[in-house]
Amino acid sequence: MSKNKIHIEHELRSNSQSIIWHLISTAEGLSRWLADDVREDGNSLTLTWGETWSHHEIRKATITGRAKNRYLRFRWDDEDDPEAYIELLMEKSDLTNDFILSITDFAEAGDEDQLEELWADDLERLHTTTGL
């Protein structure tokens, strides 16, 4: 089943490459804004939302690409669309000299707005926990 590609850009209030790279490429960094808990084991990610002792959701993903100080790409293990992935890409703005977080994700037809709202919530959490 083919999904629609979603692209979101979010300007970060930082020009620190190392801080941003840590937030988008490590389990510790992703746990600050993308999920409540993230575990990395080799190329496998386990993301948990909610408390493990109560209602929670766990999803597993495989890292399919990573370039230091550039991007992290992963694919949900239960994904049906062979073309779908999530990519977190850091780019430098020529105008502000700050970094931009470019997110690529895929949504079912009709679910694009809901997915964009989920990412907006995640980006708000990123801002709240880090100031970026």
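The values are calculated or read from the model by the stated rules, or taken from the named source; none is laboratory data. Just so we're clear, the structure is a prediction, and the values are computed from it rather than from any experiment. All Cβ positions, even for glycine, are placed from backbone atoms using ideal geometry, and neighbour counts span all protein chains on display. Protein only, heavy atoms only, side chains kept; ligands, DNA and RNA dropped before computing areas. Shrake-Rupley method; radii C 1.70, N 1.55, O 1.52, S 1.80 Å.
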Worksheet, complete the sentence: Calculating Cα extents along the principal axes in Å from this structure picks out, from [x] 39, 34, 27; [y] 46, 33, 28; [z] 45, 31, 18, entry [x]
Response to the item:
Given a 1.4 Å probe, the accessible area of region 2-132 per residue, as a whole number of Å², is 57 Å²
Worksheet item: Counting other Cβ atoms within 10 Å, which GluC sites (Glu not before Pro) in region 63-93 have at most 11 and lie in a DSSP loop?
Response: Glu83
Discussion item. Per residue of region 68-84, what does 6.51 cos²θ - 1.76 cosθ + 1.60 with θ = phi - 60° give for ³J(HN,Hα)? Whole Hz please, x for Gly and Pro, Karplus curve as stated.
Written reply: 3, 6, 9, 7, 10, 10, 9, 10, 4, 5, 9, 6, 7, 7, x, 8, 7
Worksheet, complete the sentence: Scalar couplings 3J(HN,Hα) for region 30-40 by Karplus 6.51 cos²θ - 1.76 cosθ + 1.60 (θ = phi - 60°), nearest whole Hz, x for Gly and Pro, are 5, 5, 7, 8, 8, 8, 6, 8, 10, 10, 10
Worksheet item: Expressed in nm to one decimal, what extension gain is obtained for the pair Thr64 and Ala109 from 0.36 nm per residue of sequence separation less their Cα-Cα distance?
Response: 13.8 nm
Discussion item. As an exercise, use a Förster radius of 22 Å and the Cβ-Cβ distance of Ser93 and Thr128 to find the FRET efficiency, rounded to the nearest 0.05.
Written reply: 0.50
